[in-house]
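Trainee: There's a structure below that I have some questions on.
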C-alpha cells in the first residue's frame, strides 16, 4: 500500500493528542490498543485512570503514515524538525516497539538533547505496559540509564530513585508476561549497575531482593526466569555476606528448623539457608503438582549445598551432613513418586532420583 | 600523383581492429583536454556563471568537482549570495560556516543556518567579520548561539536587514541592545522563544532600529505592556506584529499599538488571555488595513468586539478565532456581511456556532470566490446541513471537522461530490482502494503485519 502523506490527514492530530496525554499525565502507566469495529468522527485516543488507549481502526493508517515520514527523514529524502521527529517516533514506537531502528533514532535525539532522558524513561515504561517482553525496550532503558548515571553531576539520591523505579517496572513487566526472561535479566543488570557498591546499603538491598523473590516464587511457581533470578541473588548473597550479616534470622522469613546452626559461621549460615530452601520447595512441590521448575531449582540448591559442604572449613559441615541431606532427598522423591496422581509428576520425581544417583553422587566423590 | 589529403581514399579496407579503437580514443581525449571542447567554446564564462546562479548548494558543489574551470566558476562568490543549509542540519559545524564566510566574503547576502544545531559563536564571529554585506541571516534553532554573536553582528554587519534568532534560548537583552547600536537598517526581526528577553531589551531595540516593519516575538512571556507601547511609539511603520503567548499583555498595549501603527496588516495576539473587546474596538477604530488577525485563546472576546471589527476592517483575509468560545453565529453573520475578502477562517472550539452561521457564511460575498480554508473542529452543533450549505464555496480547499460528532460519512461524501478537490479532515479512516488488478505486484511494507 502506498505511504503517501495526504491519505490520512488525521494522523498529525492523533499524534498531537498522544503527546498531549504524555505531557499532562506524568503517572501514565499503560497503553492498550482497543479493538473497535466501527469508527466515528471522534478522537481515537482514550485516556482514563493513568492508562492510554488507541482505537484499533486508526492503528494501521497511523503506522503507515509515521513509518513513511520517519524513513524519509532517516534516508534524508525529506528532513523534519527534531520536535516533529520525536513526536513521530513516539507514535511509531507505541504501536510497534520492536523496531530497533526507531529506538536508535530516539537515542540520537537524546544525545543531541532534543529529548530529555527522564521523559524518555517515562515513555518507555508505558511501552512496556503494552509489550512487557520487548527486549528492545529493555536495551534502550539500559542505554539511557547508563548515560544518566555516567553524568558528572549525578546525585546518589537520584541513582537510588532510578534503581527503585527500575525494580518496580521490571516487577510489573514480569507479572504481565509469564516467565519474562528479559524483565528478570534487566533486574539483574540493574542490581549490578545501579546498586550502591559494598556497605550496608547493598546488603539491605540484597536482603530485600531475597525476600521479594521468595514471595514471588510462592505465587508464580512455574516462573523459570524468576527462579533463575532467585538463584543469582542467593549466589551473590553467599559470596558477599560475612558471618554477622546472617545473624538476624527474621531476614530470611523462613522460620523452619534446620539441621545446621546458622550462628556458627558464614558457611554454616549458607548451609542453613539452603536447607530451609529445600524445605520450602518440598512444601510447594506437594502443594502444586507438576511443576518442573521447582525440581530444577532443587537441583541448584543441592549443588550449592554440596559446594558449601565441600569447601567449608567448619567441623560441623562435611560429608556426613551432606549424605544425610541426600538420604532425605531420596526419601522425598520416592514418596512423591508413589503418591502423586499426575503422570508427569512421577516422571519429574523419578528423573530427580536418577539425577541424584548418577550426577550428584559422582561429583561428590 | 600525390592524392590531396582532403579526398578520402575509396575502397580501402578499414582496419576495425585494435589500432582503430585506439585512434578513436586518442581523438576523444584530445577533444576533452582541449580548451576548445564544445561546451566551453560555445558558452562564455559569464553565461556559465549565470546558469550556476540558479543552482542550489548541492548542485553547485557537484559542479565544482567537474573540472578546474567549473571549480573556479561554481565557487565564485557571485553564486553564493543566498545559501540555505537546512537540509544538512547537524552536519553543519563551525568549520563549514567559516569556510563559507571566507569563500563568499562580501558577496554573501542571505544565509540560512536553520536547524544547524552545532554552530557556535566563534564561527559566527568569523562569519560576521568576513561577510560584511550580509542582509538576511536565519539562525532559527541554533541553540548554541549566545549574545556574543549579536555583538559580532552589530560590530561588523551594518547592512543587516532581516534577522531570525528564533529558539536561540541563550539570547538575552544584551543582544538586542547591541543590535540597536550597530544594525540600524533592521526591518525584520524574529526573537520568538527567547524567554530571557524582557522589556528593556525590546525598548532598546525600538530606540535603535526605527525602521522595523516586522516584529515577531512568540513565546516571550516577559514582554510587557510597556515594551509594546514603546515599540509602537518608536516604530510606527510596523506592519507585521506577532505577540503569540506574550501572556501578560493587556488592552492598554493593544490600544497604543492600534493608535500608533496605522499600517498594521498582520497581527497575532494568540495566547494573550487578558485581552477584552476593548482591544478589538480600538483596532477597528484605527487599523483598517488589517488583513490577518490571530486571536486564538483570547477567550474574553465576544460578538460585540467582532461586530465592530468587521464593520471597519473590510480587507480582512485570514482570521483565527480558535477558543474564542463566547462568540456565536452573530459574529459569523457580521463577518459574512462585511469581509468580502475572507479566505481563511478558523472557528475551532467555538462551541456556540451552529449551522445557521455557516449558512450565512456560505451565501456571503467571500464564499464563492475567496473562502479556501474553514476550520470547524470541536464545534459540537455543526451537522451535515453545514456541509450542504458549503457546496457553493467553489474555492474551498480544506475543511477541518475533527470531533464534530454529528457529521457523518454520508455528508462528507455529498460535499466531495460537489467539490472534488476539497480535503476534508476528520477522524474517519481512509477507505483503502481495492488492489489494482493486473500487472503491479502488491507491495506491503514489512511493518504492516500488526494486530
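The values are calculated or read from the model by the stated rules, or taken from the named source; none is laboratory data. Being a predicted model, the structure only gives us computed values, none of them experimental. Reconstructed Cβ throughout: ideal geometry from the backbone, glycine too, with neighbour counts over all protein chains shown.
Trainee: Is it the case that the range A:58-69 has a residue that's surrounded by fewer than 19 Cβ atoms within 10 Å (Cβ to Cβ), within 13 Å of chain B (Cβ to nearest Cβ) and either touching a strand residue (DSSP E or B) at 6+ places or on another chain (Cβ under 8 Å) or not in a helix (DSSP H, G or I) (or both)?
Mentor: no
Trainee: Failed condition for residue A:206, given (1) buried (at least 18 other Cβ atoms within 10 Å of the Cβ); (2) closer than 27 Å to residue A:28 by Cα, with all others met?
Mentor: (2)
Trainee: If you don't mind, there's one more thing I want to ask. Inspect all residues belonging to the range A:84-107 and state whether any of them is within 13 Å of chain B (Cβ to nearest Cβ), free of Cβ contacts under 8 Å to residues at least 60 places away in the same chain and more than 29 Å from the chain's Cα centre (by Cα).
Mentor: yes
Trainee: Of the residues that sit in the range A:25-41 and are away from chain B (no Cβ under 11 Å) and over 24 Å from the mean Cα position of the chain (by Cα), which one is surrounded by the most Cβ atoms within 10 Å (Cβ to Cβ)?
Mentor: Step by step, filter the range A:25-41, then rank; the result is A:25.
Trainee: A follow-up question, please. Only one of (1) over 18 Å from residue B:82 (Cα atoms); (2) crowded, with 20+ Cβ neighbours inside 10 Å; (3) over 24 Å from the mean Cα position of the chain (by Cα) is not met by residue B:202, so which one is it?
Mentor: So the condition that residue B:202 fails would be (3).
Trainee: Among the residues of the range A:71-83, is there at least one that is surrounded by fewer than 18 Cβ atoms within 10 Å (Cβ to Cβ), within 13 Å of chain B (Cβ to nearest Cβ), in contact with a strand residue (DSSP E or B) (Cβ under 8 Å, 6 or more places away or on another chain) and touching a residue at least 12 places away in the same chain (Cβ under 8 Å)?
Mentor: No: zero hits.
Trainee: Please go through the range A:46-57 and pick out each residue that is within 10 Å of chain B (Cβ to nearest Cβ), within 30 Å of the chain's Cα centre (by Cα) and crowded, with 19+ Cβ neighbours inside 10 Å.
Mentor: Answer for the range A:46-57, where residues must be within 10 Å of chain B (Cβ to nearest Cβ), within 30 Å of the chain's Cα centre (by Cα) and crowded, with 19+ Cβ neighbours inside 10 Å: just A:55.
Trainee: Scan the range A:185-197 and give yes if some residue there is modelled with pLDDT under 90 and at positive phi, otherwise no.
Mentor: No; the residues of the range A:185-197 include none that is modelled with pLDDT under 90 and at positive phi.
Trainee: Mind checking which residues of the range B:63-120 are within 14 Å of residue B:49 (Cβ to Cβ), surrounded by fewer than 14 Cβ atoms within 10 Å (Cβ to Cβ) and modelled with pLDDT under 80?
Mentor: Once the filter is applied, which keeps residues that are within 14 Å of residue B:49 (Cβ to Cβ), surrounded by fewer than 14 Cβ atoms within 10 Å (Cβ to Cβ) and modelled with pLDDT under 80, the range B:63-120 yields B:77, B:78.
Trainee: Just give me the residues in the range B:404-431 being closer than 20 Å to residue B:344 by Cβ and either at the interface with another protein chain (Cβ under 10 Å from one of its Cβ atoms) or in a strand (DSSP E or B) (or both), in sequence order.
Mentor: Answer for the range B:404-431, where residues must be closer than 20 Å to residue B:344 by Cβ and either at the interface with another protein chain (Cβ under 10 Å from one of its Cβ atoms) or in a strand (DSSP E or B) (or both): B:404, B:423, B:424, B:425, B:426.
Trainee: I'm checking my understanding of the structure. Among residues of the range A:13-24 that are more than 11 Å from chain B (Cβ to nearest Cβ) and crowded, with 17+ Cβ neighbours inside 10 Å, which one is farthest from residue A:123 (Cα to Cα)?
Mentor: Ranking the qualifying residues of the range A:13-24, first place goes to A:15.
Trainee: Give the residue, chosen from A:317, A:274, A:278, that is in contact with a helix residue (DSSP H, G or I) (Cβ under 6 Å, 6 or more places away or on another chain), crowded, with 19+ Cβ neighbours inside 10 Å, more than 18 Å from residue A:220 (Cβ to Cβ) and modelled with pLDDT under 85.
Mentor: Only one candidate passes the filter, namely A:317.
Trainee: Turning to a different aspect of this structure: I need the full set of residues from the range A:14-54 which are part of a loop (DSSP other than H, G, I, E, B), modelled with pLDDT of 90 or more and more than 23 Å from residue A:172 (Cα to Cα), in order please.
Mentor: Once the filter is applied, which keeps residues that are part of a loop (DSSP other than H, G, I, E, B), modelled with pLDDT of 90 or more and more than 23 Å from residue A:172 (Cα to Cα), the range A:14-54 yields A:35, A:44.
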